[in-house]
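This report refers to the structure that appears directly beneath it.
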Amino acid sequence: MEQLTRSSRPSRRGWRLFFKIFLTTALLGICTIIGTLIYLANTPLPTADSDRNSRLVDASGKTIAAFSSGARNRIGVKLDQISPYLIQATLAVEDRNFYHHLGFDIKGMARAVLVNIEHLDTVQGASTLTQQLARNLYLSHERTWTRKAKEAMYTAQLEMKYSKDEILQMYLNEVYYGRGAYGVEAASQMYFGKPARALTLGEGAMLAGIPKGPTYYSPYNSMKNAKDRQRIVLKTMVETGAISQREADSAYAQLLDFKPPSQRTTGDEAPYFRDYVRSIVVNQLGISESLLEHGGLTIYSTLDMQAQKAAEDAVKSETSGSPDLQAALISVDPRNGYIKAFVGGANYAKNQYNHVLAKTRQPGSSFKPIMYLTALSSRKMTEASMFNSQPTMFHYDGNRKTYSPRNFGEKYLGEIDMRQAIAASDNIYAVNTLLTVGAKPVIDMARRMGIDSPMEPVPSLALGTSPVSPFEMASAFAVISNQGRSVQPTAITKIIDSTGDVLYEYKSPVQEQIVEPAAAYVMTHLMESVFETGGTGNRVSAVMKRPVAGKTGTTHTDAWLVGFTPELSTAVWVGYDKGKALATAESRKAAPIFAQFTEKALENVPPKIFPIPDGVVSVYVDPQSGKLATNECAENQRLEMFIKGTEPTEYCSVHGGKGAPVPEPNEGKESKGRSWWGDLKRWWMNK
């Protein structure tokens, strides 16, 4: 008995030791779990990739695009803005115990294991909505133990930090529905052209089935697969008691009205402008691609969406009927350089090449105002300077070379002044002007006005044979509109990061006086004639309801109209990418685009005359002689503006002697082609 008692003592000591070890291990486990939970509760979740996508906003603060390499179309909505049918369908097919578990569905996991063992394959998953959300927001989809451990950690954190409704809302705004659509609102708009709150039971069940295989179950790719999946979703809804069998049958039989894929949009507005801003941010401001795509930046732009819409509509209206025909439009506020509209091509989905920035197109006669401005500001010529418009062989480079330009249609006007030359786009007058002023001063003027493309100092420069970009032309003409002051186009006003810190803020540079205001105004006054009777832009004059100045330009492969109002300087180019020759009708499309855009973009802005600076005088001249008009020139006399000190001093003697000077302009004077703003200017000059 004593021996039995002694032999049992080690056994009791062993049990005590085992119990102590077990208790200690359990306590350590509990402490570890508590510590882990405390740690997870106090550790912030990483920034979700969907939240880190930087956004581009327009001048009014509206988001117009997102910067993401995935080109995601995402529209966030609240849970009460989503159809209950879609919510019920999603819960039934993805996580029917969502509101009853803590992020991990143990029963579901066990059931999935049994099913997979039965089929000897992974045929059923057990991820809860919270697990899927953690994976979509923070992780890749690689199958590693490290990723699974992180997924579990983030799942627990999501359940700690958010309510079930908040998790469900985040999931429905994050899940991928195919074709670039992330979230139920983007998917609903893409597939059915309606908001998520308006989805029917059949539509909701269809959408709820797509995330399992966005390509395989897409109704655009296979309607049979999509309908089979819809049937499964409806069946699970019946099993969970969300709907009756009769409702399921009715929903399955419903003929769904899908939005044609051709009408699908990317969700980004002004895509060419977005790409341009990206290049500025990365290449000029030094912000990395990674920070741009995942740093949650807000980029404030200068874009005016009313003007942008007007530009896109105008380009579309003139190019939609001509396959492969391209067009570009850029419009800048000449007063501060803000880019208001930016269209880089006829159709971004088909061609992403940005023609606004292409320095490969000859501007043709649209380059001439830069040359004429050089002539006026140098005092080597005035608008009354006369040249004979006739076939001419010009000698240059020490008379070693010759150049023989021709006018369009072989139309020659004889003795003409600068106004007539600009209106009719006379090439002979233009080359005479270049040889009078010199090519190098013209190139220097173009450089100071914003053109940095290579330019050859040859006579053909006068006819715009050196390629430039629409961006450069809009910049240069903005200088004329801005009374001769330099204009630096800008697209970005400010960039802030996800915490609100300012990374960049635009500071307007001091504007340099490129040419005197009087010279810029006289040039503007001359360019208005392009839209008057006899001008190359006269065919769109009926569309223009405000003072406008500009110049057309046409080559075999390029058509231009570059012009401005006091509020906008706009360059329009039309042509083909591969240098295909333009048909006659195609060569006339730039002017209508310019006119439609300008009027629509400024429809809420009252018309304004160009401000007349000091140093401008007005006199009546006879356009035939270029001299001061007399009573004998009464039928031909024209009121012209001159830089003070350059106006004619001799009277015309072509019409029967010196005669008497023409009386001061008065309200009763009538002249051919006179417009209401012309009358207003005459009154202003002579009040």
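Reachable lysines from K224, Cα under 24 Å, same-chain residues fewer than 8 places away excluded? Cross-link targets: K194, K212, K235, K259.
As a proxy for reagent exposure, W573, W560 were ordered by neighbouring Cβ count within 10 angstrom, fewest first; the result is W573, W560. Taking label points 7 Å from Cα along the Cα-to-Cβ direction, K608 and M393 give a separation of 5.2 nm. Note on S163 and T215: the extension gain reaches 15.6 nm, defined as 0.36 nm multiplied by sequence separation minus the Cα-Cα distance.
Counted residue by residue at 0.36 nm each, then reduced by the alpha carbon distance between them, the extension gain from E247 to D501 reaches 86.1 nm.
List the relative contact order of segment 248-366 as a percent without decimals, with contacts defined as Cα pairs under 8 Å and 6+ residues apart. Value for segment 248-366: 22 percent.
Pairs from the list K580/K600; K368/K608; K359/K411; K78/K150; K551/K589 with a Cα-Cα gap above 20 Å: K580/K600; K368/K608; K359/K411; K78/K150.
Charge tally for G626 (other residues, Cβ to Cβ under 12 Å; Lys, Arg +1; Asp, Glu -1): -4. Modelled label positions at A26 and H556, each set 7 Å beyond Cα in the direction of Cβ, lie 9.5 nm from each other. Bridging of K340 to aspartates and glutamates at a Cα separation below 19 Å is possible for D58, D268, E269, D275, D304, E312, D313, E472, E505, E567, E599, E603, once same-chain residues fewer than 8 apart are set aside. Taking a sphere under 15 Å around the Cβ of K440 and counting the other residues whose Cβ falls inside, with K and R at +1 and D and E at -1, yields a net charge of 0. Calculate, for K259 and Q513, the FRET efficiency according to 1/(1 + (r/R0)^6) with r their C-beta to C-beta distance and R0 56 Å; round to the nearest 0.05. So, using R0 = 56 Å, E works out to roughly 0.55.
Determine, for F610, F273, F192, the number of other Cβ atoms within 10 Å of each Cβ, and report the residues in order from fewest to most. Ranked by crowding around the Cβ, least crowded first: F192, F610, F273. The label-point distance for K578 and R546, in a model that sets each label 7 Å from Cα toward Cβ, rounds to 4.0 nm. Computed from the C-beta positions of S404 and E635, the FRET efficiency with R₀ = 35 Å rounds to 0.45. A simple count of charges around E603, restricted to other residues whose Cβ falls under 15 Å of its Cβ and scoring Lys, Arg +1 and Asp, Glu -1, yields +2.
Sparse packing (at most 12 other Cβ atoms within 10 Å of the Cβ) combined with a DSSP loop state is found for the following GluC sites (Glu not before Pro) in segment 484-541: E512.
Gain in length, S320 to T63, computed as 0.36 nm per residue apart minus the alpha-carbon separation, to one decimal in nm? Intermediate values should be presented prior to the final figure.
Details: separation 257, 0.36 × 257 = 92.52 nm, distance 2.75 nm.
Answer, rounded to one decimal: 89.8 nm.
Take 228-240, 596-608 and order them by the average number of nearby Cβ atoms within 10 Å per residue, most first; the result is 228-240, 596-608.
What residues from segment 218-249 fall in the zone where the backbone N is under 19 Å from a label point 7 Å along the Cα-to-C-beta line of H100? Once the point is set 7 Å along Cα→Cβ of H100, 235-244 turn out to lie under 19 Å by backbone N, inside segment 218-249. Over segment 314-354, all Cα pairs binned in 5 Å intervals from 0 give whole-percent P(r) values of 5, 23, 26, 19, 12, 9, 4, 1, listed from short to long.
Values quoted throughout were computed directly from the atomic coordinates according to the rules given, and no laboratory measurement underlies them. Predicted, not measured: the structure shown is a model, and the values here were computed from it. As a convention, Cβ positions derive from the backbone with ideal geometry for all residues, glycine included, and neighbour counts pool all protein chains shown.
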